[in-house]
Amino acid sequence: MFKAFRYRLRPTKAQEAALNEQLRLCRNLYNCALQERRDAYRKAGKTVTGYDQMKDLTEIKAALPEYKGVYSQVLQDVLKRLDKAFRAFYRRVQEGSKPGYPRFQGRDRYDSICYPQSGFSVSDKTAFFSKIGNIRIRLHRPLEGKVKTATITRDCGEWSVSYICEVDAQPLPETGSSVGVDVGTTWFCITSDGEFVENPRHFQTAMKKLRVAQRAVARKRNKRSNRRRKAVQRVAKLHRKVARQRLDFHHKTALKLVRENDLIAHEDLNVGGMGRGTLARSIHDVGWGQFFSLLSQKAAWAARKVVRVDPRYTSQACNQCGHTCRENRASQSRFRCVACGHQENADLNAARNILGRAAPSGINVAVVNASVA
Ligand SMILES: [Zn+2]
């Protein structure tokens, strides 16, 4: 299985200029290749494939010598990305969903280059990339397994590299416990063991600051003013901070769940949640998708089981007798079963239902979408 390792890069001024130039050339290639595919289809009804375009790379390099300054596999990867975008577009057309034609990439949108196989190496203090050189790196944690690809990313003037490595699973010893996890809006999540996990305070503070900064941008009507530009920069900086803190918190929360439990059950977010206030949830974007995907990855490395259950009526069903009706919800936060009189915190009741649906010994055994991650 694959694991990503991300590190900060500290390029010199000259290296940074070289990296920016590589990004510019790759973005150009992407946009030109997109234009070619579009024109070929519109003007001649012809479909140009990614394979056709890759064959042309040699000619492009002969005609435009600056492209000799980019590692050849990096250029191929650019065309592969475009091909992927087109395949996704064709798939959406076939499925009949909103297709969304592949987009031209603006200056700030194209911000990474990938060495898909070779042309790079890494040691304690430096990361080598063909056509760029040795860049200073800090390996804050050791690389594991066999390194497959390297991707350099620019994020608002900060550079980092992400190595995808092939690693072996490291199963953890069994603990004998299973847990159901309910994600909410007041709490980040609630477990069937009765643990209420809150978003960390520093994260909440950063979120509040972000909202204030966003309002400050909205107040500045003149799109070209210096003050507005500065306010926008401040929002971007806070966004990065919030994203980093959220990621860190998701890592830690997922790791704790994986360490303590053999089986972790959560709602399948892809099953449309009826009767679970989905609208309110989508408004509170707290990145559950990211959290659940980290959870699945960590579970897979540790040979733990993640079960996604049908989310419908988990909040209205009684985890003691199974009676399901709307009247069971005494209030938003309180659950009181009208059949057996069982009373509990509403989110805790939901978490227990989620576990019940995943563990066959429970009352609700309707496991809709059980999968070993
Ligand atoms: Zn009941």
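The values are calculated or read from the model by the stated rules, or taken from the named source; none is laboratory data. Please read these numbers as outputs of a predicted model, since none were measured by experiment. Note that each Cβ is placed from the backbone with ideal geometry, even for glycine, and that neighbours are counted across all protein chains shown.
With respect to ARG281, is the statement that it is assigned by TED's automatic domain parsing to the domain that holds VAL309, basic (Lys, Arg) and modelled with pLDDT under 90 true?
On the way: assigned by TED's automatic domain parsing to the domain that holds VAL309: yes; basic (Lys, Arg): yes; modelled with pLDDT under 90: yes.
It is true that ARG281 is assigned by TED's automatic domain parsing to the domain that holds VAL309, basic (Lys, Arg) and modelled with pLDDT under 90.
Tell me which strands (runs of 3 or more DSSP E) are completely within the range 95-169 and hold 3 or more residues being among the hydroxyl-bearing types (Ser, Thr, Tyr) and under 19 Å from GLN73 (Cα atoms), or say none if there are none.
Of the strands (runs of 3 or more DSSP E) lying wholly inside the range 95-169, those with at least 3 residues that are among the hydroxyl-bearing types (Ser, Thr, Tyr) and under 19 Å from GLN73 (Cα atoms) span 146-155.
Any idea which of LYS241, LYS252 is at pLDDT 90 or above, assigned to a helix (DSSP H, G or I) and of a type in the set (D, E, K, R)?
Details: LYS241 fails: at pLDDT 90 or above.
Within the list LYS241, LYS252, the selection yields LYS252.
Condition check: of a type outside the set (Lys, Arg) and more than 20 Å from LYS148 (Cβ to Cβ). Does TYR115 satisfy that?
Considered against the rule, which asks whether it is of a type outside the set (Lys, Arg) and more than 20 Å from LYS148 (Cβ to Cβ), TYR115 comes out as no.
Select from the range 49-99 the residues that are of a type in the set (S, T, N, Q) and out of contact with any Asp or Glu (no Cβ under 9 Å at 6 or more places or on another chain) and list them in ascending order.
If we filter the range 49-99 for residues that are of a type in the set (S, T, N, Q), which is where we start, we get 49, 53, 58, 72-73, 76, 94, 97.
THR58, SER72, GLN73, GLN76, GLN94, SER97, listed by residue number.
Which one of these is in the same structural domain as LEU19 (by TED's automatic domain parsing), farther than 20 Å from LEU29 by Cα, polar (S, T, N, Q) and surrounded by 15 or more Cβ atoms within 10 Å (Cβ to Cβ): SER123, SER160, SER118, SER97?
Among SER123, SER160, SER118, SER97, only SER160 is in the same structural domain as LEU19 (by TED's automatic domain parsing), farther than 20 Å from LEU29 by Cα, polar (S, T, N, Q) and surrounded by 15 or more Cβ atoms within 10 Å (Cβ to Cβ).
So, of the residues in the range 33-52 that are of a type outside the set (D, E, K, R) and surrounded by 14 or more Cβ atoms within 10 Å (Cβ to Cβ), which turns out to be farthest from GLY133 (Cα to Cα)?
ALA40
Only one of these is on the phi > 0 side of the Ramachandran plot and either modelled with pLDDT of 90 or more or assigned by TED's automatic domain parsing to the domain that holds ALA351 (or both): ALA299, ALA303, ALA317. Name it. Reasoning before the result, please.
On the way: ALA299 fails: on the phi > 0 side of the Ramachandran plot; ALA317 fails: on the phi > 0 side of the Ramachandran plot.
Just one listed residue meets the conditions, ALA303.
Tally up the residues in the range 295-341 that are within 16 Å of the ligand (Cβ to nearest atom) and part of a loop (DSSP other than H, G, I, E, B), please.
17
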